[in-house]
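Where a number appears in this text, it was derived from the coordinates with a stated rule and is not lab data. Worth saying up front: this structure is predicted, and the values here are computed from it rather than measured. Quick reminder, even Gly has a Cβ in these numbers, built from the backbone with ideal geometry, and neighbours come from all protein chains shown.
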Amino acid sequence: MFDHIFNQHSWHDVQSSIYSKTAGEVELALRKSKRDIEDFKALISPAAAPYLEQMAQLSAALTQKRFGKTVQLYVPLYLSNECQNICTYCGFSYDNKIKRKTLSSFEILQEAEYLKQQGFEHVLLVTGEANKTVGLDYFQKAIRLLRPHFRNISIEVQPLDANEYAALTQEGLHAVLVYQETYNKEHYKDYHPKGKKSNFDYRLETPDRLGTANIHKIGLGVLMGLEDWRTDNFFTALHLSYLEKQYWQTRYSISFPRLRPAEGLIEPKVVINDRELTQLICAWRIFREELELSISTRESQSFRDNIIRLGITSMSAGSATNPGGYVTEPESLEQFCIDDNRSPAVVAAMIKEQGYTPVWKDWTAFS
Amino acid sequence: MQFTTHNYKRMNDPLVIAGKSFQSRLFLGTGKFGNHQEMEAAIVASGSELVTMALKRIDFNDKEEDDILRYLNHDHINLLPNTSGARTADEAIFAARLAREALQTNWLKLEIHPDPRYLMPDAIETLKAAEQLVKEGFVVLPYIHADPVLCKRLEAVGVAAVMPLGAPIGSNKGLRTLDFLEIIIEQSNVPVVVDAGIGAPSHAAAALEMGADAVLVNTAIAVAQDSVQMATAFKIAVEAGRMAYNAKLGAVQQRAVASSPLTEFLMVNGE
């Protein structure tokens with residue numbers, strides 16, 4: 001399990017090691033053909049800031065070599081905003097006194113039909129954490145309902161047990177996204193004071209349980225705005241490096257959620273600006289050329305348009321972040337405000353205009 | 001600039017796989033292009049008659065402009081569906097049946113790479129799937145490591161050709177497995193198609209010069225700034241490589257040959 005490796009690293013030591021990286025170490029990392037975790041540290045360090053254009057060029061070339069001129073499109077489908085957790089940054093937080101909504105089978109299909117009309121074949125199901133009403137049974141039912149309509153189904157829900165993941169894989173689940181939010185164990189409690197999510201270790205071991213269940217793809221990431229983003233991303237890379245060796249048949253993706261305004265929430269403690277986020281995305285690409293790097297509609301139109309060429313290979317479009325948000329109940333509570341409000345068709349047209357192919361379908365279940 | 005006129009007379013030297021003749025020894029992949037029009041133009045420029053596409057990427061419901069198959073609808077272009085995405089023999093067999101039904105062809109590029117990072121082919125699962133698929137009447141072209149023994153084992157179960165890799169897929173590194181490819185080419189009773197890793201026309205020419213029957217190229221063409229021009233360059237390189245092979249290359253000498261230091265003693269006075 002990853003906790004053995006995790007426990008050998010102190011947040012403080014890692015942070016000071018990143019901040020003491022030198023220009024020479026950055027240059028070395030850029031020149032190598034295979035990069036290790038120390039190179040990654042250099043690439044995300046302040047010392048790499050002056051090398052941004054060089055990093056972008058390299059990242060662009062590596063991405064094209066591996067993925068060609070393509071960008072995959074997916075859409076989130078929020079099923080429920082019921083949640084027993086208190087998370088200080090999330091609109092679904094338990095202490096947010098708003099009306100809760102969980103989609104019925106009929107409503108799920110209504111939403112699905114709308115998304116199919118938009119052209120989507122890859123869908124990401126999202127919920128809060130309400131284990132009694134939105135647990136394994138609910139997920140099984142939802143996947144069974146949606147499988148005839150979508151070629152690729154992912155989930156971003158509460159962490160589950162390995163046997164539950166195995167059961168969902170049987171139903172045709174392709175990928176699970178589970179963000180640690182922050183690897184700063186000490187401060188994790190401040191953001192997650194109540195509910196099952198306050199258990200840092202259970203969340204940390206989730207990718208291990210997914211690997212054991214032989215899921216096709218695991219999505220990792222941290223919520224940027226909570227703790228030092230460089231240190232948090234180092235731990236994500238450390239986690240990934242462990243998982244790659246342990247579960248070598250699994251595909252991995254990395255996301256870059258930045259804290260967005262939402263109902264009744266904290267202000268970001270640290271801010272990662274566009275220039276730094278670009279550096280981070282390029283650093284990931286240079287570190288691992290085969291990784292899927294994903295960006296959501298949290299980001300602005302202009303940032304999304306420009307980041308495609310630099311390393312992003314997957315993006316959502318036309319997202320609603322509330323259950324029923326597309327058709328059945330557009331006014332329900334949303335998880336956060338999105339920034340890029342363009343329709344999927346407009347985003348696809350933008351991708352084509354840049355000389356890239358928008359890919360709506362890149363999966364067929366072979367069983 | 002025009003690259004397509006040649007002053008030499010093209011020899012009648014077809015490549016035959018499973019009874020089917022190909023004039024072109026360049027096979028193409030359809031992934032990674034910026035758009036379908038560009039892909040079509042590059043394939044046409046390459047002269048390729050066999051193009052592979054990932055089954056997982058084809059949307060059979062899509063009858064609109066995004067339908068990739070519409071752009072491959074040329075009389076001289078044959079489709080070679082591949083099982084990319086399959087992690088086991090069972091998944092690959094499932095995909096193969098799906099491809100046969102959907103595309104009306106029993107030709108199949110068998111790809112099983114359970115490792116999503118380097119896309120390394122699984123020798124054990126590939127052999128297992130090949131055996132079954134041949135029994136089901138497929139024309140099987142397996143993507144494999146440059147492993148001479150595996151090639152003979154695949155030949156024994158009845159594959160139509162073997163497709164050993166030159167270097168990791170998409171790496172553009174060229175013929176890194178050269179020594180093993182030489183053995184495979186020497187021993188094979190079925191056509192040898194070097195697949196993966198070919199990053200430049202010179203790599204393709206080198207493969208054909210050494211006796212490979214064909215090459216499969218995707219990334220190097222699709223990702224080139226001018227993919228049509230690059231496709232043409234590969235066409236010429238493949239033809240040149242094949243001509244050189246037919247014309248018999250001179251042996252390569254590692255160093256200048258000295259007089260005869262080891263046999264000097266045999267010489268009689270004045271000789």
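Results, tabulated for the structure shown:
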read-out	value
Relative contact order (%) - criterion: Cα under 8 Å, at least six apart; region: chain A	25
Computed E for A:Gln84/A:Glu186 - FRET, C-beta separation, R0 25 angstrom, nearest 0.05	0.60
Protection proxy ranking, peptides A:335-346, A:153-164, average beta carbon neighbours within 10 Å, highest first	A:153-164, A:335-346
Alpha carbon centroid spacing (whole Å) that separates the range A:81-138 from the range A:289-331	17
Other protein chain Cβ atoms within 10 Å, averaged over every residue that makes up B:23-36	3
Cα lying deepest toward the dipole's positive end in chain B, options B:Gly211, B:Gln37, B:Gly199, charges on Cβ	B:Gly211
Test item: A:65-78 mean partner chain Cβ contacts at 10 Å	3
For the protein assembly as shown, Cys with no neighbouring Cys Cβ under 4.7 Å	A:Cys83, A:Cys282, A:Cys337, B:Cys151
From phi via Karplus (6.51, -1.76, 1.60), per-residue ³J(HN,Hα) for the range B:103-112 in Hz, x at Gly/Pro	9, 6, 9, 9, 7, 8, 8, 8, 10, 10
Magnitude of the charge dipole, the range A:2-366, Cβ model with Lys/Arg +1 and Asp/Glu -1, debye to 20	660
Fraction of antiparallel bridges per DSSP, the range A:2-366 only, in percent to nearest 5	5
Residue-span extension gain [B:Arg97 to B:His76] - 0.36 nm each, minus C-alpha spacing	5.2 nm
Average partner coverage of A:143-155, which counts Cβ from other chains inside 10 Å	0
